[in-house]
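One structure is given here, and the rest of the page talks about it.
The values are calculated or read from the model by the stated rules, or taken from the named source; none is laboratory data. As the structure is a prediction and not an experimental result, all values here were calculated from the model. Here the Cβ positions follow ideal geometry from the backbone for every residue, glycine too, while neighbour counts run over all protein chains shown.
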């Protein structure tokens, strides 16, 4: 059967998603907050530390805004699907507890030859007020589903600066990192089941791309926003290589004008795992 191209442009029905303090705490631990120094990020990992108010990591917005497309993508081998790219934009800081109403739309299916890139956009608004909270755009690459003669799509320009990074952040992941992160909702067996991972061509389960994305978002938050989620605007990255639980991640950040920055994340050996990274700070809403 292959991919169903008729799904493009059809918005889903609005879907509700709620979260609470425990969900936000579990996500933070899942993307490494407190790892190596349990006292370093108590505002994200605890809800009852004296004099510290709980806050939510900005990249949790990707999970908050997740929703099913209007229809399935068709018939294909799900072991051939990998997360290819992710953008998140926060219209306001994430509350510790809340409910959103999200509409998801497949915006394009692009022919990359060896596979197909399926692009989607999700818009999440506060369920009570209707105020925008999170917008995400993502792409999944499905190997073996290309060659149908469609458009290839285009990429915005991006060049690695020819100078040393302004910030270099080194972050350890743990061998069981994927087992913790999956408890936030992504139960894809690619990240836990060695037999399923082998079907996708991997010799062992790989770390979730969005877990690596969350680690990277923490680095950007602390290096560029003074650890203040209210200053975190948007973040884009392309998943270029897999990461294995236990890998050390290095986030290289090149600061630009008006608080914006470019970044890359690498694993040992300098292998780029998140490429073409772009960060923008959140602009205060006019009053």
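Do we have residue 198 as in contact with a helix residue (DSSP H, G or I) (Cβ under 8 Å, 6 or more places away or on another chain) and farther than 24 Å from residue 96 by Cβ here?
Values: in contact with a helix residue (DSSP H, G or I) (Cβ under 8 Å, 6 or more places away or on another chain): no; farther than 24 Å from residue 96 by Cβ: yes.
When the stated conditions are applied, residue 198 does not pass them.
Do we find a residue being touching a residue at least 40 places away in the same chain (Cβ under 8 Å) and closer than 30 Å to residue 143 by Cβ anywhere in region 88-96? Before the answer, list the steps.
Of region 88-96, the ones touching a residue at least 40 places away in the same chain (Cβ under 8 Å) are 88-94, 96.
Next cut, closer than 30 Å to residue 143 by Cβ only: 88-89.
Yes, region 88-96 contains at least one residue that is touching a residue at least 40 places away in the same chain (Cβ under 8 Å) and closer than 30 Å to residue 143 by Cβ.
Would you pick out the residues in region 193-220 that are modelled with pLDDT of 90 or more and surrounded by fewer than 19 Cβ atoms within 10 Å (Cβ to Cβ)?
The answer is 193, 194, 195, 196, 198, 202, 203, 204.
Out of everything in region 239-256 that is surrounded by fewer than 17 Cβ atoms within 10 Å (Cβ to Cβ) and out of contact with any strand residue (DSSP E or B) (no Cβ under 6 Å at 6 or more places or on another chain), what residue ends up being farthest from residue 220 (Cα to Cα)?
Checked region 239-256; the qualifying residue farthest from residue 220 (Cα to Cα) is 246.
Name the residues in region 257-269 that are surrounded by fewer than 16 Cβ atoms within 10 Å (Cβ to Cβ), over 14 Å from residue 156 (Cβ atoms) and in contact with a strand residue (DSSP E or B) (Cβ under 8 Å, 6 or more places away or on another chain), would you?
258, 259, 268
Have a look at 9, 36, 72 and point out the one that is more than 21 Å from the chain's Cα centre (by Cα), under 28 Å from residue 265 (Cα atoms), exposed (fewer than 15 other Cβ atoms within 10 Å of the Cβ) and in contact (Cβ under 8 Å) with a residue 60 or more places away in the chain.
36
Does region 33-56 include one or more residues that are within 17 Å of residue 209 (Cα to Cα) and touching a strand residue (DSSP E or B) at 6+ places or on another chain (Cβ under 7 Å)?
no
Return the residues of region 1-32 that are within 27 Å of residue 125 (Cβ to Cβ), in contact with a strand residue (DSSP E or B) (Cβ under 9 Å, 6 or more places away or on another chain) and in a loop (DSSP other than H, G, I, E, B); say none if nothing qualifies. Working first, answer last.
Step one: filter region 1-32 for residues within 27 Å of residue 125 (Cβ to Cβ), giving 6-28, 30-31.
Filter once more, keeping what is in contact with a strand residue (DSSP E or B) (Cβ under 9 Å, 6 or more places away or on another chain): 7-20, 27.
Residues satisfying the conditions are 8, 9, 10, 12, 13, 14, 20.
Tell me which strands (runs of 3 or more DSSP E) are completely within region 211-268 and hold 2 or more residues being within 23 Å of residue 141 (Cα to Cα), or say none if there are none.
232-239, 261-267
Here is a yes/no grid of residues against (1) closer than 26 Å to residue 208 by Cβ; (2) touching a strand residue (DSSP E or B) at 6+ places or on another chain (Cβ under 7 Å):
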{"position": "123", "(1), (2)": "yes, yes"}
{"position": "126", "(1), (2)": "no, yes"}
{"position": "129", "(1), (2)": "no, no"}
{"position": "154", "(1), (2)": "no, no"}
{"position": "179", "(1), (2)": "yes, no"}
